[in-house]
Structures are given as C-alpha cells and as structure tokens.
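Asker: First, the structure itself, so that you have it in front of you.
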Amino acid sequence: MSQHQTQALKLALGNFATGVTVVTTCHRGMDIGMTCNSFSSVSLDPALVLWSLRKESSNRESYLESGGYTVNVLSAEQQLLALDFAGGAPENRFANADAERLDSGRLRLSRCASWFDCALHQVVSAGDHDILIGRVLDFGSCRVDVLGYGQSEFKVLEPIQRTSEQAVS
Ligand SMILES: Cc1cc2nc3c(=O)[nH]c(=O)nc-3n(C[C@H](O)[C@H](O)[C@H](O)COP(=O)(O)O)c2cc1C
C-alpha cells in the first residue's frame, strides 16, 4: 500500500468512534500503562476481551510476558490521563494517576468508568500488531459519562436529545 493509501485508510478507520482505555500491567515489579482504543468485547461465556498492541511498542515484551493486563475504560473527565499514557517514559506515566493495586498485582485507575482485570488467554499475531485476548478475572463499573475517540479527537459521548416526535414510547 502506498503512503497515500495508508493515510486514506487511517482517515477511513478514524470514522469508527470508540471509547478510550488505559491498559496496565506489572512486569518484573514495574508498572506499565498504555492508552488504547482497540479494546473490544469478544465473548460472554467464557468472558473474553481483546485489544491490539503495536509490535514496535517499547512495552511489547511486558504485555506478552507478564501473564495478564487490566483494561481501564476512561470517563469523560480523564482525557488528560489518555494523553499521559500515550507516550513518555513508562515510570512517568502514572505521575498524575490515582490507582489501586488489585490482587493480581496490577494497577486499576481510580474513577474510571469500568475496569476488567484479565489473564492473558491467547496472543494472535496480526500484521504489525499482536491481538491480546484476555480472560476476565474480575471487573467493575459505575455510571458516568465516558470518553470517546474518533476522527483523531477526544469526544464526550452523550445521548442524542430526541424531539417529541422521535420520543421512544
Ligand atoms: C486514543 C489513542 C488510542 C491508542 N490506541 C492504541 C492501541 O489500541 N494499540 C496500541 O498499540 N497503541 C495505541 N495507541 C498508542 C499508544 O498509546 C502509544 O504508542 C504508546 O503509549 C507509546 O508508548 P510505547 O513505546 O509503549 O508504544 C493509542 C494512542 C491514543 C492517543
């Protein structure tokens, strides 16, 4: 694919709006976290989720070798965390984040909309990414506005206001 086509593909894919997560793990005593919008649910029984990790990520080894990961679904208030976890040295990324350590040893970010603590179940190599399928060990959620991402921008996902004609009876 030419550079022009790759750019066009990115733009086309960007029209598919998603939520935003920070995926954490703990490898050899070091906390790791990365902003990720490729998170998706896979199966309810057994409970499986997935996300895809760029093979060139400096933290690839940590996610593949630590045995599991925790997905933190960000609330609308947590846009700055999304930026903190999108780059910079691993040890600096948690500087502005309140977090609680789970029994698994991984960190769960405080005040996130949902969290899923997962054992690494399967890794599928797919082009320039690895797909990390996780089995959900524990999870939680609360009712808050969630952070969205689409067309290269963060968004607040809100219900559409219906007119009286469109009202659902
Ligand atoms: C909104 C958003 C979503 C992202 N989603 C992913 C993702 O799903 N998978 C991924 O590998 N990187 C994703 N990234 C990029 C990583 O966050 C970024 O490459 C990483 O934190 C940089 O550190 P690294 O050296 O560990 O790759 C995303 C970045 C942003 C801002």
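No value in this document is a laboratory result; all are computed from the given coordinates. None of the values given here were measured: they were computed from a predicted structure. For neighbour counting, all protein chains shown are included, and Cβ atoms are generated from backbone atoms with ideal geometry for every residue, glycine included.
Asker: Given axes a ≥ b ≥ c from the Cα gyration tensor, I'd like to know whether the stretch 12-126 is rounded (a/c under 1.5), prolate (a/b larger than b/c) or oblate.
Answerer: rounded
Asker: Sticking with this one: Connecting C-alpha atoms closer than 10 Å in a GNM of the chain, tell me which of D98, D130, D84 has the biggest fluctuation.
Answerer: Checking each option, the largest mean-square fluctuation is seen for D98.
Asker: What ³J(HN,Hα) values, in whole Hz, does the Karplus curve 6.51 cos²θ - 1.76 cosθ + 1.60 give for the stretch 7-16 when θ = phi - 60°, with x put for Gly and Pro?
Answerer: 5, 5, 5, 4, 5, 5, 5, x, 6, 8
Asker: G148's amide H: which non-local residues (gap 5+, or another chain) put their own amide H closer than 5 Å, with H modeled 1.01 Å from N in plane and none for Pro or chain starts?
Answerer: Answer set, sorted by chain and number: K155, V156, L157.
Asker: Set Lys and Arg Cβ to +1 and Asp and Glu Cβ to -1, take the dipole of the stretch 55-169 about its Cα centre, and tell me which of V144, S164, W115 lies farthest positive.
Answerer: S164
Asker: Okay, moving on. Given the rule -39500 (n - 2.57) for each run of at least 4 DSSP H residues, summed and divided by the residues of the chain, what is its mean residue ellipticity at 222 nm, to the nearest 500 deg cm²/dmol?
Answerer: Mean residue ellipticity at 222 nm (helix-derived): -4000 deg cm²/dmol.
Asker: Separate question: Among G148, G33, G105, which one shows the biggest mean-square fluctuation in a GNM of the chain, springs joining Cα atoms closer than 10 Å?
Answerer: Top of the fluctuation ranking is G105.
Asker: Residue by residue, what Karplus-based ³J(HN,Hα) values in Hz, rounded to whole numbers, does the stretch 96-101 have, using 6.51, -1.76 and 1.60 with θ = phi - 60° and x for Gly and Pro?
Answerer: With coefficients 6.51, -1.76 and 1.60, one gets 9, 10, 7, 8, 10, 8 Hz.
Asker: Let me have the relative contact order for the stretch 17-157, percent, based on Cα pairs under 8 Å that are six or more residues apart. Kindly include the intermediate steps, with their values, before the conclusion.
Answerer: Numbers: 312 pairs, mean separation 42.2, N = 141.
Value for the stretch 17-157: 30 percent.
Asker: Please identify, among L147, L74, L157, the residue showing maximal mean-square fluctuation in a Gaussian network model of the chain using a 10 angstrom Cα cutoff.
Answerer: L157
Asker: Let me ask you something else. From the phi angles alone, apply the Karplus equation (6.51, -1.76, 1.60; θ = phi - 60°) to the stretch 111-122 and give each ³J(HN,Hα) in whole Hz, x where the residue is Gly or Pro.
Answerer: After applying 6.51 cos²θ - 1.76 cosθ + 1.60, I find 6, 7, 6, 8, 9, 9, 9, 10, 8, 5, 9, 7 Hz.
Asker: Please sort by residue number the chymotrypsin sites (Phe, Trp or Tyr not before Pro) in the stretch 1-73 whose DSSP state is loop and whose Cβ has at most 13 other Cβ atoms within 10 Å.
Answerer: Hits after loop and neighbour filter: F16.
Asker: Here is a further query. Pull up all non-local amide H partners of H121: gap of 5 or more, or a different chain, and H-to-H distance under 5 Å with H placed in the peptide plane.
Answerer: Placed amide hydrogens put I133, G134, R135 under 5 Å from H121.
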